[in-house]
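Coordinate-derived values only; no laboratory data. Fair warning: this is a prediction, and the values are worked out from it, not measured in the lab. Cβ atoms come from the backbone with ideal geometry, glycine included; neighbour counts cover every protein chain shown.
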Amino acid sequence: MKLKLFTLFVILGFVLSGCGTGGEEPASGGGGGGTAVLILPEEPATLNFYLADAAIVRQAADATSMTGLVTIDETGNFVPVLAEGLPVISDDHLTVTWKLMADLKWSDGEPLTSDDVRFTIEVLSNPNSGALVGTSGFDLIANVETPDDLTTILTYSEPYPGYLDQFAYGLFPRHATGAPEEMANWEWNRAPVTAGPFIVSNWESGKRITMTRNPNYFEEGKPYLDSIVFEIVPEPAAQTAMMLNGDGHVHLWPGEFKVDYDELLKGVAQQYLIPGIWNMAIDFNLSAPFDGDPSAAAPHPILGDIRVRQAIAHAINYESLQQDVLQGSVGDSTNPFAYGWYKCKLPRKYGFDVEAANKLLDEAGWEMGADGIRVAKGAMHAEDGTRLSLELQGYTAFDPLQLTEEFIVENLKAVGIEARIQNYDFSIIFGTFEDNSPRMIGDYDMLIFDRGFTTEPQSYNFDAYHSSRIPSADNPTGGNYFRWVNEDVDAALETAGTSFDIETRKAAYCEIGQAVIDDLPQVYLYLFQDNYGIADSLEGYTLNTWGSMSWGVQNWKFKQ
């Protein structure tokens, strides 16, 4: 109760001090026009979805650059957007034919044609483009034909089940970007020429991104709003104060639990919960950090022994974390495949058991020290006297994550493991190999963050778990930052990526999920419900498990 009262006083302090944007008032009459303010806890580094796997990028990119041939709607189905319908696929699954809608234009007025589809393929199939996500399967496109401005015929070297998902995240205009290998440096990344509902009119670094209506948007009469503004507000209390003041209309990931939020903002806004895709896990580095070698060659001195990872898994009180710490706002999760058609109902193998955790650590050569933290004495990979101390890295400005970290630190301390919290900005946690992001170069112990993927999971999971995707200087975009090598998992991923039989694919993914539980490159904690604060004055908002805070923004209006 003291914490709730303190939070309330902090929020009221922001309100009384006049925290707000001073932005435009919503227009009245006809339900059209006006400016909606969307609150982000951190500034996205780019609006190019393919250059960043941080969820913060998509929150803004969905409003402008992420307009593709199809999208995934609120029911989880692919529906056409820039395409006139879903593509035609041949009986042998090797030829896919797309048709664009007629008379499409880019935001600068230039025609949008099949050559732009071709160019998008050229970019995402280029190994030097710098793309971090969304490139799976493009290397399988053996031939591209564009017999006219509306038709694109793709021939694949082998069947690829994710052919729809490849074109759900935006197209690139050939005339307004640059060379594929220069994608990371395109000016387009922050000021995209787009087919989406809004275009960037002003980007004040660290403060706000202002977008105005695309005059060439393909849906007649839309978007209804004149403009939207993404306000960068790191402080959770200040975010809520903006909503309370009426200075914000959509609030990404409110830190308060729903009952507290709705009570505080009654008559102004409320928090909406929807089934989420954000799956929280602790990720273990299986390789030695800070040795100048990003490969899996040398084991982590502590985490390289699976018994230590098992002990960590046993030490966590999952039920108390989910129900007491996070007040039932999350669901249980044991593996990567926690939702969608590929959901795997796999039991938790290493559940909460302090006695089992202590026994494992004793057997692994970690004896209890005088200060309650264990030290190595005959450990598999660590020198005698090494302290059982690990850094737990997460990201900033998200209260539920902070609460989770603090709870886990106490859980681990109870079995003699010291965990030191170190939170970074998204740009560091989700940075590139070239930027020396710790997870990419292998210089970390444990990471904790939530991750998710779409109705087509192959691209993300192949990148995360296949042994060929361990990041290195020669493979800088690889996503297997656990440095996990499992031949059976490699084979299952290859099966899932080539079969068009949904049951075969699901079985392969569940095999991978069980391997994650058995080998413990990660331990899964819980599955978020996605949450957004939405002003009562806003309508036309569609909550989409597979979307973002700005998904469907072309349909938003202010109530009369």
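Summary table
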item: Additional length obtainable on full extension of the chain from Val268 to Glu367, 0.36 nm per residue less Cα span; result: 30.1 nm
item: Kirkwood hydrodynamic radius over Cα pairs of the stretch 140-294, then Stokes diffusion coefficient at 10 °C and 1.306 mPa s, in µm²/s; result: 77
item: Restraint check, Lys359/Lys413; Lys222/Lys559; Lys105/Lys557; Lys258/Lys557, Cα-Cα greater than 19 Å; result: Lys105/Lys557; Lys258/Lys557
item: Cβ-based charge dipole, the chain, positive-most Cα from Val523, Ala508, Gly34; result: Gly34
item: Spread of Cα-to-Cα distances over 10 Å intervals beginning at zero, given as percent, for the stretch 283-529; result: 7, 30, 37, 22, 3, 0
item: Cross-link reach list, lysines versus Lys345, counting only Cα pairs under 16 Å and skipping chain neighbours closer than eight places; result: Lys506
item: Relative exposure of His249, His175, His381, His300, judged by other C-beta atoms within 10 Å (fewest first); result: His175, His381, His300, His249
item: Cα Rg over Rh - the stretch 96-217, Kirkwood; result: 0.98
item: Computed [θ] at 222 nm, helices only, for the chain once each DSSP H run of length n ≥ 4 contributes -39500 (n - 2.57); result: -6500 deg cm²/dmol
item: Estimated FRET transfer efficiency when R0 is 51 angstrom, pair Trp341-Lys413 (beta carbons, to 0.05); result: 0.80
item: Among 182-189, 402-409, the order from most to least packed when residues are scored by Cβ within 10 Å on average; result: 402-409, 182-189
item: Relative contact order %, the stretch 70-186, counting alpha carbon pairs below 8 Å whose residues are six or more apart; result: 29
item: Within the stretch 283-529, percent of DSSP bridges classed antiparallel, to nearest 5; result: 55
item: Net length gained if the chain between Glu74 and Asp536 were fully extended (0.36 nm per residue, minus Cα distance); result: 164.2 nm
item: Segment Ser157-Ser90, length gained on full extension (0.36 nm per residue, minus Cα span); result: 22.8 nm
item: Size of the chain as Cα extents on the principal axes (Å, biggest first); result: 72, 63, 39
